[in-house]
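Engineer: My questions will all concern the structure given below.
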Amino acid sequence: MALRTVTRKLGSKLFPRFSPASLLHSHATSFGFKEVREEEKSQMVGNVFSNVASNYDTMNDLMSAGLHRLWKDRLVSKLNPFPGMNHLDVAGGTGDVAFRIFDSINSIKRRTLQNVLEDDLQEEAKVYVCDINPNMLNVGKKRALQRGLGEDKSLLWVEGDAEALSFGDNTMDGYTIAFGIRNVTHIEKALSEAYRVLKRGGRFLCLELSHVEVPVFKDFYDFYSFSIIPTLGELVAGDRESYQYLVESIRRFPSQETFASMIADAGFQKVEYENLVGGVVAIHSGLKI
């Protein structure tokens, strides 16, 4: 799990300045391997997630052999949540990442209460779960009820668009997005919005399926992706097409280096990324300074 830091220099050949007009525009109008009009993509992606919402977490377990749980744990450990923080989890409808952040904050509070007066910890953390798809949010709300968090005012569910967030400038201490940013129509707009809502010192973290670098493993991964995952989707969720889109969208997503450059172009500093499982997934991070 090598950690790689992106050092930006004007005119650098290693990390050239990202040009939205060159690479991003063609990606922004893709739906998997298909080219579609920009105004169509959000509706098509919405249909995919409406179809898979009820089986989303089950399919994540099957497709990753449960590893997605460890990847999300790693994401939250890099966030380093703290009591009193305002955090925004985007494209997090089922609550998987938000629950981890919430549990981490409460664990810290329990440990801290042993050493300080309870009055010193009166400021409550707020974890906002933002998702454009109401079906995904409904799954998360049901899970919150099962966890006894249905009435907890520290966990808030918001229907919203990653490209046009409803939150004010400089209001969040942290921003996470897991397996969601490749589905937006304009990645640069989502990154710009992430930068806008974060406070100075706030951290951006993105967990996303990425590009495998090891040649032999890449061949196996391609076979698994295109032959096994759509079949699993058909057998378990009764939906082959949605999972065909999933694997195609991963291949259309920018490489680790290119995405890191996009994050830096949005204004973030100290941009770095960590490959997990040979690049099957990567965690990108940046700071608003």
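The values are calculated or read from the model by the stated rules, or taken from the named source; none is laboratory data. Remember, predicted model here, so these are calculated numbers, not experimental data. Positions of Cβ are backbone-derived with ideal geometry, glycine not excepted, and every protein chain shown enters the neighbour counts. Just the protein is used for accessible areas: all its heavy atoms, side chains included, with ligands, DNA and RNA removed. Shrake-Rupley method; radii C 1.70, N 1.55, O 1.52, S 1.80 Å.
Engineer: Which numbered condition in (1) modelled with pLDDT under 95; (2) in a helix (DSSP H, G or I); (3) open to solvent by 40 Å² or more (accessible area, probe 1.4 Å) is the only one that R74 fails?
Structural biologist: Failing condition for R74: (1).
Engineer: Out of the stretch 53-71, which residues are surrounded by fewer than 19 Cβ atoms within 10 Å (Cβ to Cβ) and of a type in the set (A, V, I, L, M, F, W, C)?
Structural biologist: L62, A65, L67, L70
Engineer: Within the stretch 148-190, track down each residue that is touching a helix residue (DSSP H, G or I) at 6+ places or on another chain (Cβ under 7 Å) and open to solvent by 70 Å² or more (accessible area, probe 1.4 Å).
Structural biologist: E159, D169
Engineer: Please work out if A194 is part of a helix (DSSP H, G or I), touching a strand residue (DSSP E or B) at 6+ places or on another chain (Cβ under 6 Å) and open to solvent by less than 10 Å² (accessible area, probe 1.4 Å).
Structural biologist: Yes.
Engineer: Related question: Count, please, the residues in the stretch 79-111 that happen to be of a type in the set (D, E) and open to solvent by 10 Å² or more (accessible area, probe 1.4 Å).
Structural biologist: 2
Engineer: Give the residue, chosen from F253, F268, F259, F226, that is hydrophobic (A, V, I, L, M, F, W, C) and exposed (fewer than 15 other Cβ atoms within 10 Å of the Cβ).
Structural biologist: On inspection, the qualifying residue turns out to be F226.
Engineer: Just checking, how many residues over the stretch 260-282 are over 28 Å from N60 (Cβ atoms) and either without any contact (Cβ under 8 Å) to a residue 40 or more places away in the chain or aromatic (F, W, Y) (or both)?
Structural biologist: Result for the stretch 260-282: 1.
Engineer: On to the next question. Any residue in the stretch 174-197 that's under 13 Å from G92 (Cβ atoms) and modelled with pLDDT of 95 or more: show its pairings with residues that are open to solvent by 20 Å² or more (accessible area, probe 1.4 Å) and of a type in the set (K, R) at Cβ separation under 8 Å, as long as the two are six or more apart or on different chains.
Structural biologist: G174/R203; Y175/R203
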